[in-house]
Every structure is written in structure tokens, then in C-alpha cells.
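Here the structure is laid out as C-alpha cells; the discussion comes afterwards.
The values are calculated or read from the model by the stated rules, or taken from the named source; none is laboratory data. Note that the coordinates shown come from a computational prediction; the quantities given were computed from them, not determined experimentally. Heads up, the Cβs are rebuilt from the backbone with ideal geometry, glycines too, and the neighbour counts pull from every protein chain shown. In case anyone asks, the SASA skips ligands and DNA or RNA and just uses the protein heavy atoms, side chains included. Shrake-Rupley method; radii C 1.70, N 1.55, O 1.52, S 1.80 Å.
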Amino acid sequence: MQTIFAIVRHQKDAEDLSQEVWTRIYFSLPRYEKKGLKTWMTRIAVNRAIDFKRASSRRKEDIVAEFEEAVSGAGPPHPEQSVEHEILIKETTEFVRQKLDQIPTNYQDVLLAYYIHHQSYQDIANAQGVTIKTVESKLYRAKQWVRNHWKEEEFR
């Protein structure tokens, strides 16, 4: 777990990934070549953690791009409002980026999949390779995190 935590830098992500890594190790045992067990297990953990980190950074970029597209596609502003509209879009986009970066990555995944992409628990579980109970737990923890760290007034 320390190896995974060193890469993802988030306790809950490291815990979830550790469970997944142990499962992968178990199912990969028939292919193990009986040399360097610790190295082999560590390599599986490191590869999974790196994959997770890459996927989460790609998702952040996709979300920001979707938001920018939605905001810019809202219709042409009046000529006298074009500068004001452009500044407002930039400020809003930056605000959303900052807020998204605050959310721990394992919570971002489940929040975006459920609320933005309207995926079912089963679809999320299949995509992340976890159980439905894990998705429910992550979603609950994500909502708790948002309630504890964000204030409604910030979004007005």
C-alpha cells in the first residue's frame, strides 16, 4: 500500500487500489515465473497506480473541455457584451478548474460518472473494475467531502 500511496498521494485511492492489486496478483499467479515475487508484486502495484493516475488526469482535462464547450456554445453575446461575456467565461472556467482540482481523484471519478455522465452504479462499477458496493461507498464519501469542503455561497 505504501508503494501505491507514494504514486497516487491519496489514502482512500491507495486503499481501493490495494484491494484491486491483490485481486490482480491472485488471478495472475498462474503466470508467475517463480523468481522475484516481491518485485513482481510491486511491479503490478506500480503499473496499476500509474494507470489510475493517468486516467484521472485525463478525466479532469475532459471535464474542463466539456465545460468550456458548453459555456462557449451558449449562443453569441450582444456586441457590447462580448468583452464582458468573454471575461465571465474565463473566470467561471478557472473557478470550475480550481474546484475540480480540490476534489480527491477517487471522488472525482464517481461524481463525474454519476452526475455528469449519468452512468448507473453498475456501469461505473464495470468501468472502474470494482463492486457496486464500492461505488455506493465512494459516492457517499464524495458527497460528504463536497458538503464539508464547499460552501453554496461560492457558486453564486
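So which residues in the stretch 86-109 are of a type in the set (Asp, Glu), more than 17 Å from Trp150 (Cβ to Cβ) and surrounded by fewer than 16 Cβ atoms within 10 Å (Cβ to Cβ)?
Hits for the stretch 86-109 are Glu86, Glu91.
Can you give me the number of residues within the stretch 107-123 that are without any contact (Cβ under 8 Å) to a residue 40 or more places away in the chain and hydrophobic (A, V, I, L, M, F, W, C)?
Within the stretch 107-123, residues that are without any contact (Cβ under 8 Å) to a residue 40 or more places away in the chain and hydrophobic (A, V, I, L, M, F, W, C) number 3.
In the stretch 12-52, what residues are without any contact (Cβ under 8 Å) to a residue 12 or more places away in the chain and touching a Phe, Trp or Tyr at 6+ places or on another chain (Cβ under 7 Å)?
Correct list: Tyr32, Trp40.
Against the definition (surrounded by 17 or more Cβ atoms within 10 Å (Cβ to Cβ) and among the hydrophobic types (A, V, I, L, M, F, W, C)), how does Leu112 come out, yes or no?
When the stated conditions are applied, Leu112 passes them.
Step by step: first the residues of the stretch 117-148, then only those that are among the basic types (Lys, Arg) and open to solvent by 60 Å² or more (accessible area, probe 1.4 Å), then the one that is nearest to Glu66 (Cα to Cα). Which residue is that?
Quick first cut of the stretch 117-148, residues among the basic types (Lys, Arg) only: 133, 138, 141, 143, 147.
Filter once more, keeping what is open to solvent by 60 Å² or more (accessible area, probe 1.4 Å): 133, 141, 143, 147.
On the way: Lys133: 29, Arg141: 25, Lys143: 22, Arg147: 24 Å.
This residue is Lys143.
Taking the stretch 29-67 on its own, how many of its residues are of a type in the set (S, T, N, Q), modelled with pLDDT of 85 or more and open to solvent by less than 80 Å² (accessible area, probe 1.4 Å)? Quick ask: steps written out before the conclusion?
Looking only at the stretch 29-67, we keep the residues that are of a type in the set (S, T, N, Q), and these are 39, 42, 47, 56-57.
Filter once more, so that each one left must be modelled with pLDDT of 85 or more: 39, 42, 47.
Still in the list and also open to solvent by less than 80 Å² (accessible area, probe 1.4 Å): 42, 47.
So the count comes out to 2.
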